[in-house]
Amino acid sequence: MTSTIASSVLSTMNSTSTTAESSTSAADDLQDQFLTLLTTELQNQDPTDPMDNSEMVTQLAQISTISSIEDVTSTLEGISGQISASETLQASALVGNGVLIDGNVIQVDSGVATTFGVTLNGDADSVSVTIKNSTGTVVRTLDEGSMSAGTQSLSWDGLQDDGTIAADGAYTFSISATTDDVAVANTALKYALVTGVTTDSSNQVALDLGGVNENVALSDISLVL
């Protein structure tokens with residue numbers, strides 16, 4: 001009879017661990033089944049071969065473990081829901097704001113250039129920006145001087161090196177940063193406007209930046225302007 005209890009209870013436990021049943025009801029069902037089988041065995045056990053106490057304790061421990069796991073799972077699901085709600089609120093607060101994300105594009109519209117930026121991996125005593133048009137021709141070189149490590153926003157007045165206003169369109173830029181003539185690693189950042197909140201392919205909160213395939217996670221934002 002003891003082996004029957006073990007196989008019945010463990011079978012139910014294994015089945016529960018691989019299905020999406022309610023955690024509370026699953027744990028209660030296991031306990032009810034075990035107590036029913038235990039009572040039956042106690043009533044019908046052979047006096048010359050009584051039930052092994054250690055086996056009963058093991059089975060009780062297994063049921064307790066399943067119940068504890070289900071409680072933890074339920075708690076984690078609640079925490080996950082709270083985190084998701086918090087991220088949604090944070091994302092919603094960014095709608096209408098400009099942000100800097102990885103990229104090396106500057107947009108010019110009516111002679112006005114969008115903000116851009118850089119993340120320096122270390123302090124730099126010399127930082128320069130080279131801006132090129134769509135044909136790859138350099139139209140402006142900016143000397144930014146020294147900059148500290150971290151993320152910095154930069155600006156371009158939209159004027160070319162010859163003093164004329166740059167034509168509307170997209171321009172690319174590259175950044176050179178050095179300290180004592182040794183290159184400092186850096187990441188170029190482009191400007192984007194947060195237009196809405198959506199979800200990505202993993203059903204995670206994402207920011208809609210208005211362009212095609214321009215959805216990014218909150219963690220992709222380097223700086224909020």
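Computed from the Kirkwood radius of its Cα pairs, the Stokes-Einstein diffusion coefficient for region 98-224 at 20 °C and 1.002 mPa s stands at 138 µm²/s.
Sorting the segments 89-97, 202-210, 184-192 by their residues' average number of neighbouring beta-carbon atoms within 10 angstrom, most packed first, yields 184-192, 202-210, 89-97.
Only the coordinates and a few stated rules stand behind these numbers; no lab work does. These numbers were taken from a predicted model, which means no experiment stands behind them. No Cβ is skipped: glycine too gets one built from the backbone with ideal geometry, and neighbour counts run over all protein chains shown.
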